[in-house]
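Novice: Shown below is the structure under consideration.
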Amino acid sequence: MSKDYSKYFAPSIKDARKRLNKETNTVLYNLDEELLGIGIDKTYSIKTYGCQGNLADSEKIAGIMEELGYTLSNDEDRADVIFFNTCAIRDNAEQRVFGELGRIKNIKKDMPNSLIVLCGCMPQEEATVEKVKKTFDQVDIMFGTHNIHKLPEYLKEAYLTKEKIIEVMSFEGDIIENVPLKRAHNVKAWLNIMYGCDEFCTYCIVPYTRGKERSRRPKDIIEEVINLANRGYKEVTLLGQNVNAYGKDFTDLSYSFADLLNDLNKIDIPRIRFTTSHPRDLDLDTILAMAKGGNIMPHLHLPVQSGSNDVLKKMNRKYTKESYMEKIELLKKHIPDISITTDIIVGFPGEEDEDFKATLELVKEADYEGAFTFIFSPREGTPASKYEDNTPNEVKKARLQELNKLVNEGYAKGNKRFENRVVQVLVDGVSAKDEAILTGYTSHNKVVNFPGSKELIGKIVDVKVEKAYSWHLKGKLV
Ligand code: SAM
Ligand code: SF4
């Protein structure tokens, strides 16, 4: 059957790039009562790709679906509504989703009434929407990152009209409050403190897929953390693409990320983490707020991307290797026991051997205890996708391998320093390999395995570290 795409909103990278300096709208989610119950006796499933921002969005999708009456399917492939909440950060993330869409096509033949929904960052890209329209007829609904709250309307329309629905907004974005959440964990929570990004690093698609930087009001965040604490949550991770820019968009109050950390430190909840920090915007006030300790965890993820000033400039990162290292020194001075991790891209267009060597040097100097490392992936619509890139793929792969070797030494060294120390572990669950072994994370975000009873799941316990390995610590309960 040919599809009617006559009434759809397609994305536009050109519009997504605009920043008009307009006041941010706050929209209150409100479910049309007529739709309550449209999901009764129906199931849903969600496959989530990419960052914690997407995991947080999936909790909203699940919250809305359950409010409508749907229940979570125990078979991901055979639900009445199947969501793919996608990531556009690198090509391989997208290829995985296209592979899954291909696979689900056959399964859908047995379930003609099921709905396949593609949402998240991929539909925000023009090229993706065109490709899905041409190649993946099995997709029934596409919406982007700005309009999760309109999901009930899309479902209603899909059921009533049997037409394909594509609604992707390419605008700066609102703040939507009051969306129901079905949290994935009952002791650890993700919490968006802001949305979007205004950094425009030249390789990155996020400012186009997620809109402008816009901060939630401190009151809304603080109330949510208090509420989580009252419900027994032990850990909250504050989310934003550049949390250090938090509050910079407020026109009526002066309130920074450091202010937020100081206020959250007064709440009776054991652990506050945050991600991601931007090296240019990380300031002394934030470092001092972390240095107070309390519930602010002594781990910082501070993506450097490259150790070469030339590459950093082409990436539009707005800091130098030297200014980055000054911040690392400052962090280590004020929080001597801190654990620092990072993100690094190799094979950025024009990266020469000397540039790559500068990255290796910086990794040694910064003494990272972990890093996510990537090969540059050109993203259509971003400036770097048009930069001349003469480095052969094999060279990029070899650089990644060499870098990973060094990074892995950092993981091992970072774990080794905890041998014979007593660490506090928030117990996540039992180990995948052995039911008698519990697993959890320390304040420094290290994985610890130790023998213990399941009653400890969700609690924070003291564990004496007996042995450090590259990827985890082994210990026993104190
Ligand atoms: N806002 C965070 C930041 O600035 O670090 C996280 C952005 S992104 C979700 C996570 C990481 O993906 C980035 O830090 C960067 O290392 C990597 N990344 C982003 N765009 C990329 C691209 N086009 N190719 C390869 N890696 C990329
Ligand atoms: Fe992308 Fe840079 Fe924004 Fe991070 S700070 S999301 S890398 S544009």
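The values are calculated or read from the model by the stated rules, or taken from the named source; none is laboratory data. This is a predicted model, so every value here is computed, not measured. Glycine gets a Cβ as well: all are built from the backbone with ideal geometry, and neighbour counts include every protein chain shown.
Novice: Among residues belonging to the stretch 350-375 that are within 13 Å of ligand 1 (Cβ to nearest atom) and in contact with a helix residue (DSSP H, G or I) (Cβ under 6 Å, 6 or more places away or on another chain), point out the one that is nearest to N408 (Cα to Cα). Working first, answer last.
Specialist: In the first step, residues of the stretch 350-375 are kept if they are within 13 Å of ligand 1 (Cβ to nearest atom); the result is 351, 359, 371-375.
The next check asks that each one be in contact with a helix residue (DSSP H, G or I) (Cβ under 6 Å, 6 or more places away or on another chain); those that pass are 351, 371, 373, 375.
Working: E351: 22, A371: 8, T373: 11, I375: 17 Å.
For the stretch 350-375, the residue satisfying everything is A371.
Novice: Going through A16, A79, A56, A62 one at a time, which residue ends up being modelled with pLDDT under 95 and of a type outside the set (V, I, T)?
Specialist: A16
Novice: Just to be sure before I move on: is L228 over 16 Å from the mean Cα position of the chain (by Cα), of a type in the set (A, V, I, L, M), more than 16 Å from ligand 1 (Cβ to nearest atom) and buried (at least 22 other Cβ atoms within 10 Å of the Cβ) in the structure I sent?
Specialist: No: the conditions fail for L228.
Novice: Also, I was wondering about something else. If you check every pair at least six apart or on different chains, which have Cβ atoms under 8 Å apart with a residue in the stretch 403-414 that is closer than 15 Å to K467 by Cβ first and a residue that is acidic (D, E) and surrounded by 14 or more Cβ atoms within 10 Å (Cβ to Cβ) second?
Specialist: Pairs found: Y411/E369; K413/E369; G414/E369.
Novice: Let me ask something else about it. Exactly one condition in (1) among the hydrophobic types (A, V, I, L, M, F, W, C); (2) touching a residue at least 60 places away in the same chain (Cβ under 8 Å); (3) farther than 23 Å from S339 by Cβ is false for A229; which is it?
Specialist: (2)
Novice: Just to be sure, is K156 more than 16 Å from ligand 2 (Cβ to nearest atom), free of Cβ contacts under 8 Å to residues at least 12 places away in the same chain, over 15 Å from the mean Cα position of the chain (by Cα) and within 26 Å of F136 (Cβ to Cβ)?
Specialist: Working: more than 16 Å from ligand 2 (Cβ to nearest atom): yes; free of Cβ contacts under 8 Å to residues at least 12 places away in the same chain: no; over 15 Å from the mean Cα position of the chain (by Cα): yes; within 26 Å of F136 (Cβ to Cβ): yes.
Answer is no for this residue.
Novice: Here's another thing I want to ask about it. Can you find even one residue in the stretch 432-448 that is within 25 Å of the chain's Cα centre (by Cα), modelled with pLDDT under 95 and over 30 Å from I205 (Cα atoms)?
Specialist: Yes, the stretch 432-448 contains a residue that is within 25 Å of the chain's Cα centre (by Cα), modelled with pLDDT under 95 and over 30 Å from I205 (Cα atoms).
Yes/no matrix, rows are residues, columns are (1) among the charged types (D, E, K, R); (2) in contact (Cβ under 8 Å) with a residue 24 or more places away in the chain; (3) farther than 21 Å from L300 by Cβ:
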site: T442; (1), (2), (3): no, yes, no
site: G452; (1), (2), (3): no, yes, yes
site: L456; (1), (2), (3): no, yes, yes
site: K464; (1), (2), (3): yes, yes, yes
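Novice: Every residue in the stretch 155-213 that is closer than 26 Å to M315 by Cα, away from ligand 1 (no atom under 14 Å from the Cβ) and in contact with a helix residue (DSSP H, G or I) (Cβ under 9 Å, 6 or more places away or on another chain), please.
Specialist: Matches in the stretch 155-213: S170, F171, E172.
Novice: To continue, here is another question. Looking at the stretch 76-121, which of the residues that are in a helix (DSSP H, G or I), more than 16 Å from ligand 2 (Cβ to nearest atom) and hydrophobic (A, V, I, L, M, F, W, C) is surrounded by the fewest Cβ atoms within 10 Å (Cβ to Cβ)?
Specialist: Selected residue: I107.
Novice: Kindly indicate whether L72 is more than 30 Å from F348 (Cβ to Cβ) and touching an Asp or Glu at 6+ places or on another chain (Cβ under 6 Å). First the steps, then the outcome.
Specialist: Numbers: more than 30 Å from F348 (Cβ to Cβ): yes; touching an Asp or Glu at 6+ places or on another chain (Cβ under 6 Å): no.
No: the conditions fail for L72.
Novice: Might you check whether a residue that is within 26 Å of E126 (Cβ to Cβ), away from ligand 2 (no atom under 16 Å from the Cβ) and part of a loop (DSSP other than H, G, I, E, B) occurs anywhere in the stretch 198-206?
Specialist: No, there is no match, as no residue in the stretch 198-206 is within 26 Å of E126 (Cβ to Cβ), away from ligand 2 (no atom under 16 Å from the Cβ) and part of a loop (DSSP other than H, G, I, E, B).
Novice: Next question, about the same structure. Is at least one residue of the stretch 339-346 within 16 Å of ligand 1 (Cβ to nearest atom), among the small types (G, A, S) and out of contact with any Leu (no Cβ under 6 Å at 6 or more places or on another chain)?
Specialist: no
Novice: Among residues belonging to the stretch 340-361 that are of a type in the set (A, V, I, L, M, F, W, C) and under 22 Å from D389 (Cβ atoms), point out the one that is nearest to ligand 2 (Cβ to nearest atom). Give the steps one after another, and end with the answer.
Specialist: Initial filter on the stretch 340-361 (of a type in the set (A, V, I, L, M, F, W, C)): 340, 344-346, 348, 356, 358, 360.
Still in the list and also under 22 Å from D389 (Cβ atoms): 344-346, 348, 356, 358, 360.
Working: I344: 12, I345: 9, V346: 15, F348: 12, F356: 19, A358: 19, L360: 21 Å.
It comes out as I345.
Novice: Next question, about the same structure. Hey, can you tell me all the residues within the stretch 294-311 that are in contact with a Ser or Thr (Cβ under 7 Å, 6 or more places away or on another chain) and either modelled with pLDDT under 95 or in a loop (DSSP other than H, G, I, E, B) (or both)?
Specialist: M297, P298, L302, P303, V304, S306, G307, S308
Novice: Tell me which residues, restricted to the stretch 234-250, are free of Cβ contacts under 8 Å to residues at least 60 places away in the same chain, away from ligand 1 (no atom under 16 Å from the Cβ) and within 20 Å of the chain's Cα centre (by Cα).
Specialist: V236, G247
Novice: Right, next: Show the residue pairs that are 6+ apart or on different chains and have beta-carbon atoms under 6 Å apart, the first residue being within the stretch 321-341 and in contact (Cβ under 8 Å) with a residue 12 or more places away in the chain, the second being surrounded by fewer than 20 Cβ atoms within 10 Å (Cβ to Cβ) and of a type in the set (S, T, N, Q).
Specialist: Partner pairs satisfying both residue conditions: K321/N309.
Novice: Also: Among (1) touching a strand residue (DSSP E or B) at 6+ places or on another chain (Cβ under 8 Å); (2) surrounded by 20 or more Cβ atoms within 10 Å (Cβ to Cβ), there is one condition I338 misses while meeting the rest; what is its number?
Specialist: Against the list (1) touching a strand residue (DSSP E or B) at 6+ places or on another chain (Cβ under 8 Å); (2) surrounded by 20 or more Cβ atoms within 10 Å (Cβ to Cβ), I338 comes up short only on (2).
Novice: Sticking with this one: Can you find even one residue in the stretch 208-226 that is out of contact with any Gly (no Cβ under 9 Å at 6 or more places or on another chain), within 16 Å of ligand 2 (Cβ to nearest atom) and closer than 25 Å to L20 by Cβ?
Specialist: no
Novice: Residues of the stretch 240-293 being more than 16 Å from ligand 2 (Cβ to nearest atom) and part of a strand (DSSP E or B), which ones?
Specialist: If the condition is that a residue be more than 16 Å from ligand 2 (Cβ to nearest atom) and part of a strand (DSSP E or B), then R271, I272, R273 are the ones that fit.
Novice: Run down L68, L31, L36, L55 and say which single residue is without any contact (Cβ under 8 Å) to a residue 40 or more places away in the chain and surrounded by 13 or more Cβ atoms within 10 Å (Cβ to Cβ). Walk me through it before giving the result.
Specialist: Working: L68 fails: without any contact (Cβ under 8 Å) to a residue 40 or more places away in the chain; L31 fails: without any contact (Cβ under 8 Å) to a residue 40 or more places away in the chain; L55 fails: without any contact (Cβ under 8 Å) to a residue 40 or more places away in the chain.
The conditions single out L36.
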